[in-house]
Every structure is written in structure tokens, then in C-alpha cells.
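*Asks:* I have a structure I would like to understand better, so I am pasting it below and will then ask my questions one at a time.
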Amino acid sequence: MNTTGALESEGEDAGEQGTLRFRAKRDAILAAAADAINEQSAKGMTFADVARRVGLNTTSVTYYFKRKEDLAAAAFENTLDRLTEMLDEAEREPTPHARVARFLALNIARLGKIDRGEERAFAVLSDLRATEDPVRGRLMAGWQRVFRQTRGLWGPPANRAETDLHGARAHVLLENTFWLPVWLNRYEPDQYGRVEARLMDVFAHGIATAGDGWAPALIDLAHPEAEPGRAAFLLAATRLINELGYRGASVQRIASELNVTKGSFYHHLDAKDDLVIACYKRSFDTIADAQVQADEGGGTHWQRLSSVIATLLDFQFSKQGPLLRTTALSGLPHGVRQAMVDRSNRIARRFAGTIMDGVAEGSCRPVDGLIAAQALMALQNAAFDMRKWASTMPREKAIAMYASTLLFGMFDDRALDA
């Protein structure tokens, strides 16, 4: 009897089982790390918290990942890999419209599985810039690959203007998929298919009617500051938090940005949480001010909506900006975070009201106002990341091109004539 082959087979089976167990445990740790990052940011995540979520001790986690930074990087890389897989599948569709629709469908299906407990959420990418080199360089290169692949859903561009337009569309599409988890849970799971169809309708055909032109009136958002020093502090803090996240933008770093001492920080604000709340208030007040002034100015509701969006994009691309990104929410205490989300929802509902009034008067397409409003929130929120892109062309063209992605739809080329 030849026992050597049997022993080798048993050894191979045992090795395979060991590999499977290792991968399963590693995947569980990555999923727990993603949950911790989404709740607390990458810098707020701890080995102890991740271990508790998986039912292990801290030493067991370090067997798989030696440093916390390695675990965070692996969680981010897992997100990039998953996005790449969805884009690979979307690319098989024959047209840009079908490819975008497939990518959206895959994201909605993933969120449905998460809701049913069949899948775990992956880590949001808001903290990528807060990582340290050389990890940061590797992750940012991975993000650039995802962005370029998303831009490729529209096919090869014929010229530089099309490259710019496809880039704006890719950015808005990705940001909307990242924003989905924030508001999709307001719908029953059996309504996810309807949400997908209504959101894709906005992506495909926009909010404007066929007869609507692009002639926004920029709104003056400048107001005298009661405390000019405090305003400068909030502006610097907003920029750093947008770039590095809530925990990455330390008090020392913010103070250094303004060439002041940490004591100056505490002259303006009592604690770092107070700083983020003040930055959010500044941003939300800016959006609300634009909405109020647009309503006071009158005109069709399409004119009001397009003027508000153009004004906010101008603000984001200017030295006055930016608005604070919602990605900073992950570092805030739960109660404060919920208060900020509630304020965001009120602003979104005002956008929805403008759209619905526009539908009633015939100046906007008959879209789902609540869903279209959330798409607009993602658009204006994310424009901060496109400042470099916007600086390569006249400001008016950048605003028109970026706004067109949702106002006229992701397959309408009128923005090329702006």
C-alpha cells in the first residue's frame, strides 16, 4: 500500500484548510476595521476595538497586521479592489449609459446585501490623504487608477474638453455612490430598486427640461465678519479637515497653518469638537444663505436652483472656500454627528422643494425631488476635490461643466459649448 501519496494529500488538505482559515480570519478583521474606520476614522481606529468586534485579543490581531497603519491600509486597499471589481463588470456593458447604470446597480445591490447582513460595508476612503508615506503614495495611486477607470466608462475622449467633462462625470458618479449609505437607509429595502431607477434617471437625463438654458446668476455670499481672526481660523481648519480628516487635522497643525500658537486656537474655541461644529455651521449657513437669497430673488425654480448650484461651486473653487466635507462626520461624537446630519437633511429638503416646485411650474423635469436633492448634496460637497481640475480652465467653464453632470445629465454634451 502506498501511504506516501495519502500522507502528501492529507498534508496538502491540511495546508489548504489552514490557508482558508487564515483568509477567513483576516477578512473578518478587515471587515471589523472597516466598521471602525467608518465610525471613528482611520486614526481613531484601535487594535483593541477591532479585536473586540471580531472576538479576538489584541495580540491575535497583530499576528495578521503588525501595525495599526498596516491594518488601515489593507482596509482601504480592500475598498479599492472592490470598486475595481465593480468597474470591471460595468465595463463589459456596450454603451456609456449601460456601464454607468450597471455600476450604480452593483452599488445598490451591495448596500442591499449589507442591510440583510449578507455582506459587510467596506471602508470609506475619506482618510486616504491622512495616511503617511510610503503607504499614502500607494493608496493614492490606487485611487487614481479607480478614478481613471471610472472616467473610462464614457469611452475614449476625442479631445481635452471631453477628458475634462468625463472626469467631472466620473467624480460625481463616485461621490454619489459614496454618499448613498448616508441616505439610502431612509427607504425600505424593497424600495431600493425604485431608488436606483430614480437616481439613474437623474444621472441619465438631469433635472433641467429640454428648453432650459444655462444662465445662472451668481449670488453674493460675502458678509462682514464680526471676528475676522476667527473666520480665518475656520477657513484654515476647514481646508485641513477636508484634506486630512477630523483626526488628521490636529490643533497643532491648524495653528501652524496660520502661524499662530495653540493658545490662539483656544482663544477662539474651547475644544476641537467645537471647531468642527463651527466649521460645519459656517458651511451649512453658506448653503442656506445661497438658497434664501435665490428664493428672495424670484424667477423660475430652475433659475433659482441653477444659481444656487453655480454659486456653491464658485465658492468651492475660490479662495473663499471650501465648504466642510461630510467625511469629517466619522470623527465626531454620535450626538454631534447626528445633529450635523439633521442640518444636512434640512438643506437637502429645501433643494427637493425647489425641484418639486420647478416640476409643478414646468421649469424642471419630473424627477424624484428627494433623490435628486441628495445627488446635488453629493455634487456640491465633493467639488472641493476638483479645485485643481477647475484651475486648468476659466472658472465659468469649470462651474458649467461640473454642474452639468446632474443638471443636464451625464450623457449630455451641452456643457462642452459653455
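*Asks:* In segment 32-55, how many residues are crowded, with 19+ Cβ neighbours inside 10 Å and more than 20 Å from residue 119 (Cα to Cα)?
*Replies:* Total meeting the criteria: 5.
*Asks:* Additional query: Can you report the number of residues in segment 372-392 which are at pLDDT 95 or above and of a type in the set (D, E, K, R)?
*Replies:* Total satisfying the criteria: 0.
*Asks:* Moving on to the next point. For segment 92-116, give me each residue that is of a type in the set (S, T, N, Q) and touching a residue at least 12 places away in the same chain (Cβ under 8 Å).
*Replies:* 107
*Asks:* Determine whether segment 328-347 contains at least one residue that is acidic (Asp, Glu) and more than 22 Å from the chain's Cα centre (by Cα).
*Replies:* Scanning segment 328-347, I find no residue that is acidic (Asp, Glu) and more than 22 Å from the chain's Cα centre (by Cα), so the answer is no.
*Asks:* State all residues of segment 124-168 that are closer than 21 Å to residue 242 by Cα and modelled with pLDDT of 90 or more; if no residue qualifies, say none.
*Replies:* 137, 138, 139, 140, 141, 142, 143, 144, 146, 147, 167, 168
*Asks:* What pairs come out if I take residues in segment 45-74 that are at pLDDT below 90 and pair them with residues that are among the polar types (S, T, N, Q) and assigned to a helix (DSSP H, G or I) whose C-beta lies under 6 Å away, six or more apart or interchain?
*Replies:* As it stands, the answer is none, since no pair meets every condition given.
*Asks:* When you go through (1) more than 29 Å from residue 222 (Cβ to Cβ); (2) of a type in the set (S, T, N, Q); (3) under 15 Å from the mean Cα position of the chain (by Cα) one by one for residue 374, which number turns out not to apply?
*Replies:* (1)
*Asks:* Turning to a different aspect of this structure: Can you tell me how many residues in segment 148-173 are surrounded by 15 or more Cβ atoms within 10 Å (Cβ to Cβ) and without any contact (Cβ under 8 Å) to a residue 40 or more places away in the chain?
*Replies:* Counting residues in segment 148-173 that are surrounded by 15 or more Cβ atoms within 10 Å (Cβ to Cβ) and without any contact (Cβ under 8 Å) to a residue 40 or more places away in the chain gives 4.
*Asks:* Would it be correct to say that residue 136 is of a type in the set (D, E, K, R), assigned to a helix (DSSP H, G or I) and not assigned by TED's automatic domain parsing to the domain that holds residue 78?
*Replies:* Considered against the rule, which asks whether it is of a type in the set (D, E, K, R), assigned to a helix (DSSP H, G or I) and not assigned by TED's automatic domain parsing to the domain that holds residue 78, residue 136 comes out as no.
*Asks:* Condition first: in a helix (DSSP H, G or I) and in contact with a helix residue (DSSP H, G or I) (Cβ under 7 Å, 6 or more places away or on another chain). Now tell me which residues in segment 360-374 satisfy that.
*Replies:* Of everything in segment 360-374, those that are in a helix (DSSP H, G or I) and in contact with a helix residue (DSSP H, G or I) (Cβ under 7 Å, 6 or more places away or on another chain) turn out to be 361, 369, 370, 371, 372, 373, 374.
*Asks:* Pull out all pairs, ordered by first then second residue, where Cβ-Cβ is under 6 Å, the residues are six or more apart or on different chains, the first lies in segment 344-358 and is assigned to a helix (DSSP H, G or I), and the second is among the small types (Gly, Ala, Ser).
*Replies:* So the pair list comes out as 348/373; 351/373; 352/369; 352/373; 355/369; 355/372; 356/369.
*Asks:* Restricting to segment 215-238, give me the number of residues that are surrounded by fewer than 18 Cβ atoms within 10 Å (Cβ to Cβ) and either at pLDDT 90 or above or basic (Lys, Arg) (or both).
*Replies:* 5
A quick yes/no check of all residues on (1) surrounded by fewer than 21 Cβ atoms within 10 Å (Cβ to Cβ); (2) in a helix (DSSP H, G or I); (3) modelled with pLDDT of 70 or more:
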position: 255; (1), (2), (3): yes, yes, yes
position: 266; (1), (2), (3): yes, yes, no
position: 288; (1), (2), (3): yes, yes, yes
position: 296; (1), (2), (3): yes, yes, yes
position: 319; (1), (2), (3): yes, no, yes
position: 328; (1), (2), (3): no, yes, no
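*Asks:* If I filter segment 117-127 for residues that are assigned to a helix (DSSP H, G or I) and in contact (Cβ under 8 Å) with a residue 40 or more places away in the chain, do I get at least one hit?
*Replies:* The answer is no; no qualifying residue exists.
*Asks:* If a residue must be under 21 Å from the mean Cα position of the chain (by Cα) and surrounded by fewer than 21 Cβ atoms within 10 Å (Cβ to Cβ), how many such residues does segment 91-106 contain?
*Replies:* 4
*Asks:* Among the residues of segment 186-205 satisfying the criterion of being surrounded by 13 or more Cβ atoms within 10 Å (Cβ to Cβ) and of a type in the set (D, E, K, R), which is farthest from the chain's Cα centre (by Cα)?
*Replies:* 194
Yes/no per residue for (1) in contact with a Cys (Cβ under 7 Å, 6 or more places away or on another chain); (2) of a type in the set (Phe, Trp, Tyr):
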site: 304; (1), (2): no, no
site: 315; (1), (2): no, yes
site: 336; (1), (2): no, no
site: 355; (1), (2): yes, no
site: 373; (1), (2): no, no
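*Asks:* A further question on this structure: Among (1) in a helix (DSSP H, G or I); (2) under 28 Å from residue 344 (Cα atoms); (3) out of contact with any Pro (no Cβ under 7 Å at 6 or more places or on another chain), where does residue 112 come up short?
*Replies:* For residue 112, the failing item is (3).
The values are calculated or read from the model by the stated rules, or taken from the named source; none is laboratory data. Being a predicted model, the structure only gives us computed values, none of them experimental. As a convention, Cβ positions derive from the backbone with ideal geometry for all residues, glycine included, and neighbour counts pool all protein chains shown.
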